[in-house]
Amino acid sequence: MSLDKIDKNHLDNLLLTLSKNNIDNNKLVESIKQNHIEYGQLKLIASQIDSLRKQAEIIIEKAQFNTNLLNVKSNLTFVSGNNYHLYKNNRDELFWSLIAPNEWNHSNTFVGTYLYDYDKCFEKV
């Protein structure tokens with residue numbers, strides 16, 4: 001990839017983050033573009049920052065997902081390594097059960113089976 005194809009806004013944001021003084025960003029960008037090695041290094045750092053941001057977003061989504069599942073109405077005590085079945089009743093309320101959908105005759109909507117893993121998180125089975 002050509003050095004000229006790096007997104008200027010992305011580089012500007014990186015420079016703003018790293019800049020400790022109020023240097024004009026346009027002058028700084030032009031100065032760095034003339035130093036191809038440093039420009040390439042900053043481009044690599046910008047890529048790594050983007051990758052870390054995406055990883056953080058995935059972790060946040062997983063945390064929200066698990067918090068939502070832990071807040072579902074339940075009389076159960078979750079034990080790591082066990083499967084739990086999530087249902088929705090006719091009032092659109094979610095609830096947990098130890099009973100699989102094929103083990104009983106019910107009018108509830110089966111949402112899914114989840115393993116309560118040893119890291120205290122739910123994983124869809």
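Quick notes
- Flag: K54 does not match the condition of being within 16 Å of Y116 (Cα to Cα), basic (K, R), at pLDDT 90 or above and outside the structural domain of V111 (by TED's automatic domain parsing).
- Of all residues in region 103-125 being more than 23 Å from the chain's Cα centre (by Cα) and at pLDDT 90 or above, the one that is nearest to K62 (Cα to Cα): F110
- Restricting attention to region 30-77, the residues that are farther than 15 Å from F122 by Cα and part of a loop (DSSP other than H, G, I, E, B) add up to 2.
- Region 113-125 residues that are under 16 Å from W96 (Cα atoms), paired with ones that are assigned to a loop (DSSP other than H, G, I, E, B) (beta carbon under 6 Å, 6 or more apart): T113/V125; L115/V125; Y116/F78; Y116/S80; E123/D117
- Taken over region 80-102, residues that are surrounded by 13 or more Cβ atoms within 10 Å (Cβ to Cβ) and over 28 Å from the mean Cα position of the chain (by Cα) amount to 2.
- Contacts under 6 angstrom Cβ, first residue in region 27-52 being buried (at least 16 other Cβ atoms within 10 Å of the Cβ), partner not in a helix (DSSP H, G or I), 6 or more apart: K43/I6
The values are calculated or read from the model by the stated rules, or taken from the named source; none is laboratory data. It should be emphasised that the depicted structure is a prediction, and the values quoted were computed from it without experimental measurement. Please note: Cβ atoms are built from the backbone with ideal geometry, for glycine as well, and neighbour counts cover all protein chains shown.
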